[in-house]
1. State the Cα centre-to-centre distance between the range 32-84 and the range 160-196 in whole Å.
2. What are the ³J(HN,Hα) values, in whole Hz, obtained from phi via the Karplus relation 6.51 cos²θ - 1.76 cosθ + 1.60 with θ = phi - 60°, for each residue of the range 234-250 in sequence order, with x given for Gly and Pro?
3. Which number comes out as Rg/Rh for the range 1-113 once both Rg and the Kirkwood Rh are worked out on C-alpha atoms?
4. Nearest 5 is fine: what % of DSSP beta bridges in the range 78-206 come out antiparallel, could you say?
5. Shape verdict for the range 79-190, please, from the Cα gyration tensor: rounded (a/c under 1.5), prolate (a/b greater than b/c) or oblate.
6. Express as a percent, rounded to the nearest 5, the fraction of DSSP beta bridges in the chain (both residues included) that run antiparallel.
7. Which order results if HIS209, HIS167 are arranged by neighbouring Cβ count within 10 Å, fewest first?
8. Would you kindly derive the ³J(HN,Hα) couplings of the range 31-37 from the backbone phi angles with the Karplus curve 6.51 cos²θ - 1.76 cosθ + 1.60 (θ = phi - 60°), listing them in order in whole Hz, with x for Gly and Pro?
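Just so it is clear, none of the values below were taken in a lab; they were calculated from the coordinates. Just so it is clear, the structure is predicted and the values come from calculations on it, not from any experiment. In this analysis, Cβ positions are derived from the backbone assuming ideal geometry, glycine residues included, and neighbour counts consider all displayed protein chains.
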Amino acid sequence: MNNQSVDAPQDVLRLQNIHKSFGGIVAIEDFSLDLKAGEIVALVGDNGAGKSTLIKIISGVYSPTSGAISFDGNEVNFKDATQARASGIEVVYQDLALADEQAVYMNMFLGREQTRGPLGQLDRKKMIAETEQLVEELDVRIPSARTTIRNLSGGQRQGVAIARATHWAKKLVLLDEPTAALGVAETAKVEKLVASLKERDLAVLIISHSLDQVFRLSDRICVLRRGQQIGIRETAKTDKNEIVSMITGV
């Protein structure tokens with residue numbers, strides 16, 4: 001008999017006793033976290049708490065000084081961000097890493113361009129069709145897949161960056177302050193997109209300075225303070241006062 005349906009979901013990501021120092025400066029003291037498919041975990045803490053450093057460790061930009069990372073059940077040691085991406089991890093950074101002068105569809109396939117024929121010509125038709133299908137599925141309101149990125153609003157750009165991550169991430173999406181520069185209406189649209197990642201059974205780790213957003217989106221909240229892991233709380237079983245006191249130490 002197959003018990004898979006009643007089994008607890010497997011950890012997509014497991015961080016064990018992660019330590020990271022740069023010379024004599026300790027950025028991350030001793031951090032452990034597991035993250036399951038279809039779960040959103042929020043990483044919160046003041047500036048300099050070590051949140052972005054952790055995202056960079058998970059995505060292969062930095063190697064941990066010590067500790068172990070398991071991804072999809074296997075211990076990994078990504079040499080760089082390309083290796084992490086090839087394994088199914090996608091990151092949406094605050095600065096989005098979009099090519100402003102390129103069309104939406106070219107951004108969607110940046111570094112992964114589809115080609116056809118013996119001469120390896122760009123298969124623009126295929127890329128445009130796939131992009132249009134994805135933005136429609138995710139309800140990203142853009143004029144067209146051919147629109148140049150610089151002609152989009154902040155929220156539309158963020159939507160494209162998240163759609164790209166959704167398209168390529170097989171297991172895990174990391175979001176570093178995805179709505180920091182957006183207004184209220186655009187933030188609401190991006191939050192809807194983030195919630196749709198959970199529905200697609202992806203694991204999501206989100207850094208956010210907005211506790212309102214954290215409580216709207218997350219299943220669990222992990223607090224960092226000056227590189228130290230203060231604790232993890234189930235969102236439904238805590239409140240803003242507790243999280244604020246964990247962040248500030250007051």
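1. Rounded to whole Å, the Cα centres lie 18 Å apart.
2. So the J values, rounded to whole Hz, are 6, 4, 5, 10, 9, 9, 4, 4, 5, 5, 4, 5, 5, 5, 8, x, 9.
3. Details: Rg = 16.5 Å, Rh = 16.1 Å.
When Rh is taken as the Kirkwood radius, the ratio is 1.03.
4. On the way: 3 of 11 bridges.
Approximately 25 percent, going by the DSSP bridge assignments.
5. Oblate.
6. Numbers: 25 of 42 bridges.
So the antiparallel bridges amount to about 60 percent of the total.
7. Details: HIS209 14, HIS167 18.
Ranking HIS209, HIS167 by Cβ neighbours within 10 Å, fewest first, gives HIS209, HIS167.
8. 10, 9, 7, 10, 9, 9, 4
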